[in-house]
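The values are calculated or read from the model by the stated rules, or taken from the named source; none is laboratory data. Since we're looking at a predicted model, the values are computed, not measured. FYI the Cβ positions are ideal-geometry reconstructions off the backbone, even for glycines, and counts take in every protein chain you see. Side chains are part of the model used for accessible areas, which takes the heavy atoms of the whole protein and leaves out ligands, DNA and RNA. Shrake-Rupley method; radii C 1.70, N 1.55, O 1.52, S 1.80 Å.
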Amino acid sequence: MAKIMTKEEKFKQMIETPVNRLIPRLAVPTIISMLVTSIYNMADTFFVSQIGTSASGAVGVIFSAMAMIQAVGFTLGMGSGNNISRALGNREEERASVFAAMAFFTAGIIGLLFLLFGMMFSRQMVYFLGATETIAPYAQDYARYILIAAPFMMCSFVMNNILRAQGSAMLAMVGITTGGILNMILDPILIFGFGMGISGAAIATMLSQMISFSILLYQCNSHGDCIKIQLSCFRPNLKMYGEILHAGLPSFCRQGLASVAAVVLNFAAGPYGDAAIAAMSIVTRFMMFINSSLIGFGQGFQPVCGFNFGARRYDRVLEAYWFCVKVAVVMLTLFGTVAFLFSRPIITAFRREDLQVIEIGTLALRLQLLTMPIQAWVIMVNMLTQSIGYGFRASLVALGRQGLFLIPSLLIFPRVFGVLGVQISQPLADVFTFLLATGIVLGVLKELKQLREEQEGNSCGI
């Protein structure tokens, strides 16, 4: 069993251990968590796709709602987590505890409101998310249980980020992966064994999220080296909410716009039939799987970045960033190349009975895989700027991929190029986001170098 560190030992680890050893150590549990989460998302899509093309499309429609749930959870989780990292780096433990409680209980309240309004307007919701007449009944069945899980999902996203922010990625991994594995086991049992169809997939997701929530809450409150989730520390105030939202806004832009973009994608693909919606849903889930390894790696970088920025170790912030960029570009280039070679078999595995789904999905997947190396650069720029509290610039990068460039592309190109316009929209958005991110990060790196030089000058003057 791994030795539980004291807070002082953890502080020294975060600001003294060489970054090329520390970041992989923190990243491996997070990568596993992200991969398992992506795999069970793909498992939902895979098993539901066996029911039919309309059912497969329904998963893509409700993905938009799940992305919004995730957006709120990640906004509060990343916003509080980045502040927690910097507070702990500055040895302000009480302040870190208040951030944790505010994020957790606020997520629970918002999740309950999401459940209430979603249940009241479920039919209107699925049509608003882009369902067709044939997809809507499946989407409503699936949404019912996802909405029940919403409060648990939001709180779990918060706790996952709180644990990672403290350097306890292994504890976060246990909660996330246990729920994910349970979901994959329950999917075929409930869908086919009990004949529950698409409702079975949603119930599997609901139960797995509840289990993950319970494990994560236990992990937070049972380890002496972790900040506990305590109602007594829930002291809502506008200033701290502002700090959480400032740090978490990039996550909201990224995840919230992913939800909006998913809705726009459904409407853009809708004129080309349920097969187009199903194909793009499959591609989206698979690309999430590919990107999850990089996001997991980057999330191993974020607490190191936040801790050291708070401790004024700007040299380590820069060293960690360039280390992660090199690893990220190589990692995604390798994964993208392999997936490109097997694009058609990948899509066929989900919906082999529908040739139209295979044709649309294969080309869309290949086009998106071509931009893998530049996606690595964009994600690392976003994580650097967010972790050190440069909220506006981080938000601008996050806005680029899903908002500034993707949504206009989906509104324009399908009208000109038909279904090809749907397929090329994401790759084009990636290219423009790369250019935007490069312009932003050059200025940030210049500022960090100046801070490092000032810090070194002050040290020499002592």
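Here are some notes:
- Unique residue being of a type in the set (S, T, N, Q), assigned to a helix (DSSP H, G or I), on the phi < 0 side of the Ramachandran plot and more than 20 Å from the chain's Cα centre (by Cα) when the list is 199, 156: 199
- The condition of being of a type in the set (D, E, K, R) and not in a helix (DSSP H, G or I) holds for only one of 95, 91, 86, that being 91.
- Residue match in region 414-434 (condition: more than 18 Å from residue 265 (Cβ to Cβ), surrounded by 18 or more Cβ atoms within 10 Å (Cβ to Cβ), out of contact with any Lys or Arg (no Cβ under 6 Å at 6 or more places or on another chain) and of a type outside the set (D, E, K, R)): yes
- When we screen 32, 51, 23, 69 for residues that are aliphatic (A, V, I, L, M), touching a residue at least 60 places away in the same chain (Cβ under 8 Å) and farther than 29 Å from residue 331 by Cα, the only hit is 51.
- Residue satisfying condition, being basic (Lys, Arg) and more than 23 Å from the chain's Cα centre (by Cα), within set 144, 164, 123: 123
Each row is one residue, and each column tells you yes or no for (1) open to solvent by 40 Å² or more (accessible area, probe 1.4 Å); (2) free of Cβ contacts under 8 Å to residues at least 60 places away in the same chain.
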position: 172; (1), (2): no, no
position: 181; (1), (2): yes, no
position: 184; (1), (2): yes, no
position: 189; (1), (2): yes, yes
position: 194; (1), (2): yes, yes
position: 199; (1), (2): no, yes
position: 223; (1), (2): no, no
position: 231; (1), (2): yes, no
position: 238; (1), (2): yes, yes
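- Filtering 149, 131 for residues that are touching a residue at least 60 places away in the same chain (Cβ under 8 Å), open to solvent by less than 50 Å² (accessible area, probe 1.4 Å) and in a helix (DSSP H, G or I) leaves a single hit, 149.
- The conditions of being crowded, with 24+ Cβ neighbours inside 10 Å and not acidic (Asp, Glu) are not met by residue 113.
- Among residues of region 83-97, those that are open to solvent by 10 Å² or more (accessible area, probe 1.4 Å) and under 24 Å from residue 384 (Cα atoms), counted: 9
- Set 338, 325, 317, 330: member being without any contact (Cβ under 8 Å) to a residue 24 or more places away in the chain, out of contact with any His (no Cβ under 6 Å at 6 or more places or on another chain) and closer than 21 Å to residue 438 by Cα: 330
- Scanning region 435-462 for residues that are of a type in the set (A, V, I, L, M), touching a residue at least 12 places away in the same chain (Cβ under 8 Å) and open to solvent by 40 Å² or more (accessible area, probe 1.4 Å) returns 436, 451.
A quick yes/no check of all residues on (1) hydrophobic (A, V, I, L, M, F, W, C); (2) over 19 Å from the mean Cα position of the chain (by Cα); (3) modelled with pLDDT of 85 or more; (4) farther than 19 Å from residue 441 by Cα:
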site	(1), (2), (3), (4)
383	yes, no, yes, no
395	no, no, no, no
401	no, no, no, no
409	no, yes, yes, yes
415	no, yes, yes, yes
419	yes, yes, yes, yes
